[in-house]
Amino acid sequence: MSIGEIIVIFFSVVMCIPTIASATRFDQWWIRGFDFPRIQISFLIICVIIASIVVYDFDKDWHLIAIAVLFISLLYQFVKIYPYTYLSSKQVMKFKGSDPDASISILVSNVLTPNKRSDKLIELVKKRDPDILLTLESDQRWEDEMSVIEKDYKYTVKIPMDNLYGMHLYSKLKLENIKVRYLVQHDIPSIHGMIVLRSGKKVNIHCLHPMPPSPTESDTSTNRDAELLMLGRDIDSEIHTTLVFGDLNDVAWSRTTRLFQKLSGLMDPRIGRGFFNTFHTGYALLRWPLDHVFHTRDFTLIDIAREKSIGSDHFPMYIKLNHEPIAGAINEDTDAPDEEEKDWAEEKIKTANPLVEKIPFSSIGNRVQA
């Protein structure tokens, strides 16, 4: 066996590890971490396949077997990311018409607590003029510096925290029945309630920022998965018009987020339109989509964009939708979860932090301003 063959075999084995690991249901952070860089993994597998074709002379059966395994691994990765390429059909149709009273625009920005460039976000808010701004990782300093926009945003929900899980919601549209919940952990809030469109239509909203699986935050993905799946299970998209948005610390193509979509019946406007990778701003070759906006079938898409950096490690995400009751007849439906998937979701929820069952809806008191 030549040195070239040994090197190619080594990298072939290395490139199969992410596929094998991510195909399992173990929730250790280093395994679930392979869910994120599927684009990058696919590129590296292609490089190893090319190297194999150059090095192997294919006079041995194992040459064919080795390259076949690489192709299977590449196919697995591509199947996961395919819906978010331009090759896939669009799940949400483009809005055609003009009905400003039925539209809603949302800007989601994980600001990164130590980031001092609030001026960049304020400038972006002035440029985009969203109906809703959701900031994540915002502390008291960010709250103070963003106060200059409150003359235009009458309704606010303020949860300043110093643990990277602060959250602030600014809205031009009326907010109703707003509650802050701590779904899984006592120090990680989420915002739930209703927003009233200019047409008078009431829309349920859910703003999330669960903890990611990582060596510095959580050893497993269980609590993050439970927060997403619990919300997905409890959303009735057939009855209530709903928006879910925030930094979910999960990629769009993961098993958890896809199951969240199945359970909730919510649409992902990125499908068929691109990845819209929002993290990490500092590494052009290592980015994936962590910031999301999901909605019920009765919306069509006006605009969607990843905005320029504001100095954070996340790019802001902007979306504008139009509420259109007939949209449900033209938007592509989501798949329904099977019984095995439902059981897995319930197991995740039950395995999570006991706060899942103990923390009820709580009044926000002076955190909500109007």
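The values are calculated or read from the model by the stated rules, or taken from the named source; none is laboratory data. All figures in this text were calculated on a predicted structure; none of them were measured in a lab. Only protein heavy atoms, including side chains, enter the accessible area calculation; ligands, DNA and RNA are left aside. Shrake-Rupley method; radii C 1.70, N 1.55, O 1.52, S 1.80 Å.
Need one number for the chain: average projected area of the convex hull over its C-alpha atoms, nm².
19.9
Looking at the chain as a GNM with Cα springs under 10 Å, which of L183, L75, L248 has the largest mean-square fluctuation?
Answer for the Gaussian network model of the chain: L75.
Could you report the chain's accessible area per residue, 1.4 Å probe, as an integer in Å²? Write out the running numbers ahead of the final one.
On the way: 16380 Å² over 370 residues.
Accessible surface, normalised per residue, equals 44 Å².
Once you have the alpha carbon radius of gyration of the range 118-253, what is it after dividing by 2.2 N^0.38 Å, with N set to its residue count?
Dividing the Cα radius of gyration by 2.2 N^0.38 Å gives 1.08.
Determine the alpha carbon to alpha carbon distance for each of K126/K308; K126/K158; K80/K127; K94/K158; K90/K348 and list only those over 24 Å.
Where the Cα-Cα span goes over 24 Å, the pairs concerned are K80/K127; K94/K158; K90/K348.
Kirkwood Rh and Cα-based Rg: tell me the resulting Rg over Rh for the range 141-204, rounded to two decimals.
1.01
Show log10 I(q)/I(0) for the range 1-45 at q = 0.14, 0.21, 0.22, 0.28 Å⁻¹, two decimals, from a solvent-free Debye sum over equal Cα scatterers.
With one equal scatterer per Cα and no solvent, log10 I(q)/I(0) is -0.39, -0.70, -0.74, -0.96.
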